[in-house]
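> The structure is given below, and queries will be raised subsequently.
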Amino acid sequence: MIDLGRIAIPFNEKFCSGDVIEGWGYVDLKECQLRGCKLQAGSIEYSPAGFISDVTDLSCPYESLASSNSTLAFKVFKGGENYWPFVELNASPAKLLQSHNIFGSADPEKCLMSLIHAFITSMPKLAEMLDFHHAEIKQLDVTYSAQLESRAQGRQVILALKSVSSGQTRNSKSAHATTCYFSTKSDGKASSRHKKLKIYLKGYELESQIQEMEKKLKTKKSTVYQRQLDAMRSPEVVSFADNALRFEASILPRFFKRLGIPTHLGDFLDYCESYNGCIVQNLWKEAFKDVFEALGDKSMCLFDDEEIFTALKAKYSTITKSGKVSYAKAECAFRLYRQLRLEGWEEVKRTTSKTSFYRNLKMLTSVVSKAHLQNLHGIGQNVVPMLRVINVDFSKQHPIGWQEPKHLCEQVKLKAVS
């Protein structure tokens, strides 16, 4: 699916000053303001009487536009001596089309045109200043998921992935227990010029998104926010995200050009239409090729003791001051169990502080016998090839019965009629 699009649309030269042939110029920001765009000033001068006498260094901040199902961010770049002024659009087509991005469409035309339609609908006067025939793709996020057996297994996979690197695709060290980052270094120094890769557990992200949306609704009642919250809470969305290991590739212009794929929006859509196969799948495969090649000879220790972790969470959950449920104690006890599985009772007892060992052991033995733990000698783990655990099945990227969303313009027309 296409999870994010970033598009740059240049201003028509009749609204700009400069040299279009040389590729530099400036747009009249006050004209943009008259057409609905916000302005901010870097410097404000006051007269002796206290009135504003001059405003300089004008610019436009990022703005968020409400669409029917989600929001779209845009920003006016005023131009300069080394670039032509343009408007940047940035949004998740999946959210624009269906209010969530847990699964969605891989149709390039439908997805990218949703950004254009949402912008023109919200800012028609500003859109009149733009030259859409020269729109360029600046970033395309393509994503697919592997379904794992449990969240505990997902955390084990993320931990194992953090030791993977291949060729010029290197792991970027991250402290997040549920996320792993990679970036390409084309010259050995500079990063993220071709692609950015992210592998993460979608269930945890969905929970964070729901909490964030609930906070937004408390401060501002919005039909768009409520529609997104309802979509994210739907059983099929929650179920699909729960054990999903998400592989997300941010494709940048240099990567497109390396593959001989145009970044001009119109040419790109023509290329996709004549492409033999699914361009989104193949972009994703090319982006993750190095990572999956590295996984071919990697193994990982796989634990199947989710029931122990579940029992610990049920018994040792606490409520924080903010009202959230915390499983910190249960997680500490379960970490001790994983150590015992890997290293054995005697080694863990020898290398762990006595206070920490017995505190966590007391919790652990409330759900599993001490005799079982003492019989762990560091050979209880199941070592399996990583590719056996990570299986990205392109035929199972949506729940059963899911249907492609209609084009955004069609959805707007249907809502207007109803």
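> In the range 115-137, which residue that is in contact with a Ser or Thr (Cβ under 8 Å, 6 or more places away or on another chain) and farther than 24 Å from GLN33 by Cβ is surrounded by the most Cβ atoms within 10 Å (Cβ to Cβ)? Even if it seems obvious, please write down each step before you answer.
Step one: filter the range 115-137 for residues in contact with a Ser or Thr (Cβ under 8 Å, 6 or more places away or on another chain), giving 118, 121-122, 136-137.
Applying the additional criterion that residues be farther than 24 Å from GLN33 by Cβ yields 136-137.
Values: GLU136: 19, ILE137: 23.
Among them, the one singled out is ILE137.
> Output the qualifying pairs, or none if there are none: Cβ atoms under 7 angstrom, residues six or more apart or on different chains, first residue in the range 276-301 and assigned by TED's automatic domain parsing to the domain that holds ASP107, second residue acidic (Asp, Glu) and assigned to a helix (DSSP H, G or I).
Partner pairs satisfying both residue conditions: none exist.
> Please count how many residues of the range 207-244 are closer than 21 Å to PRO93 by Cβ and outside any helix (DSSP H, G or I).
Here the count works out to 3.
> Is there a residue in the range 327-348 that is modelled with pLDDT under 90, of a type in the set (Val, Ile, Thr) and surrounded by fewer than 17 Cβ atoms within 10 Å (Cβ to Cβ)?
There is no residue in the range 327-348 that is modelled with pLDDT under 90, of a type in the set (Val, Ile, Thr) and surrounded by fewer than 17 Cβ atoms within 10 Å (Cβ to Cβ).
> Okay, moving on. Does LEU245 count as out of contact with any Lys or Arg (no Cβ under 6 Å at 6 or more places or on another chain), under 30 Å from ASP131 (Cα atoms), surrounded by 14 or more Cβ atoms within 10 Å (Cβ to Cβ) and not basic (Lys, Arg)? Give the steps one after another, and end with the answer.
On the way: out of contact with any Lys or Arg (no Cβ under 6 Å at 6 or more places or on another chain): yes; under 30 Å from ASP131 (Cα atoms): no; surrounded by 14 or more Cβ atoms within 10 Å (Cβ to Cβ): yes; not basic (Lys, Arg): yes.
Taking the combined requirement at face value, the residue does not satisfy it.
> Somewhere in the range 125-140, is a residue in a helix (DSSP H, G or I) and at pLDDT below 95?
At the first step, the residues of the range 125-140 found to be in a helix (DSSP H, G or I) are 125-127, 132-134.
Going one step further and asking which of them are at pLDDT below 95, we end up with none.
No: zero hits.
> Determine if the range 42-61 includes at least one residue that is touching a Leu at 6+ places or on another chain (Cβ under 7 Å) and either in contact (Cβ under 8 Å) with a residue 40 or more places away in the chain or surrounded by 17 or more Cβ atoms within 10 Å (Cβ to Cβ) (or both). Step through it out loud before you land on a result.
Start the filter on the range 42-61 by keeping residues that are touching a Leu at 6+ places or on another chain (Cβ under 7 Å), which leaves 58, 60.
Among the residues that remain, those that are also either in contact (Cβ under 8 Å) with a residue 40 or more places away in the chain or surrounded by 17 or more Cβ atoms within 10 Å (Cβ to Cβ) (or both) are: 60.
The answer is yes, given that some residue of the range 42-61 is touching a Leu at 6+ places or on another chain (Cβ under 7 Å) and either in contact (Cβ under 8 Å) with a residue 40 or more places away in the chain or surrounded by 17 or more Cβ atoms within 10 Å (Cβ to Cβ) (or both).
> Ok, one more. State which residue pairs qualify: first residue farther than 20 Å from LEU72 by Cβ and inside the range 206-224, second residue at pLDDT below 95 and in a helix (DSSP H, G or I) in any location, beta carbons under 6 Å apart, and separation of 6 or more residues or different chains.
Cβ pairs passing all conditions: none.
> Tell me, which strands (runs of 3 or more DSSP E) lie completely within the range 165-206 with 1 or more residues that are in contact with an Asp or Glu (Cβ under 8 Å, 6 or more places away or on another chain) and at pLDDT 90 or above? Before you say what the answer is, go through the steps one by one.
Details: elements: 169-172, 179-185, 191-201.
Correct list: 191-201.
> Within the range 314-355, how many residues are touching a residue at least 12 places away in the same chain (Cβ under 8 Å) and not charged (D, E, K, R)?
Total meeting the criteria: 16.
> Scan the range 384-407 for residues that are among the aliphatic types (A, V, I, L, M) and out of contact with any Leu (no Cβ under 6 Å at 6 or more places or on another chain) and jot them down. Break it down into steps so the answer makes sense when it comes.
The initial filter retains those residues of the range 384-407 that are among the aliphatic types (A, V, I, L, M), namely 384, 386-387, 389-390, 392, 400.
Across the range 384-407, the qualifying residues are VAL389, ILE390, VAL392, ILE400.
> Against the definition (exposed (fewer than 15 other Cβ atoms within 10 Å of the Cβ), over 18 Å from the mean Cα position of the chain (by Cα) and not small (Gly, Ala, Ser)), how does ASP297 come out, yes or no?
Working: exposed (fewer than 15 other Cβ atoms within 10 Å of the Cβ): yes; over 18 Å from the mean Cα position of the chain (by Cα): yes; not small (Gly, Ala, Ser): yes.
Spelling it out, ASP297 is indeed exposed (fewer than 15 other Cβ atoms within 10 Å of the Cβ), over 18 Å from the mean Cα position of the chain (by Cα) and not small (Gly, Ala, Ser).
The values are calculated or read from the model by the stated rules, or taken from the named source; none is laboratory data. Source: prediction; values computed, not measured. Cβ: placed from backbone, ideal geometry, glycine included. Neighbour counts: every protein chain shown.
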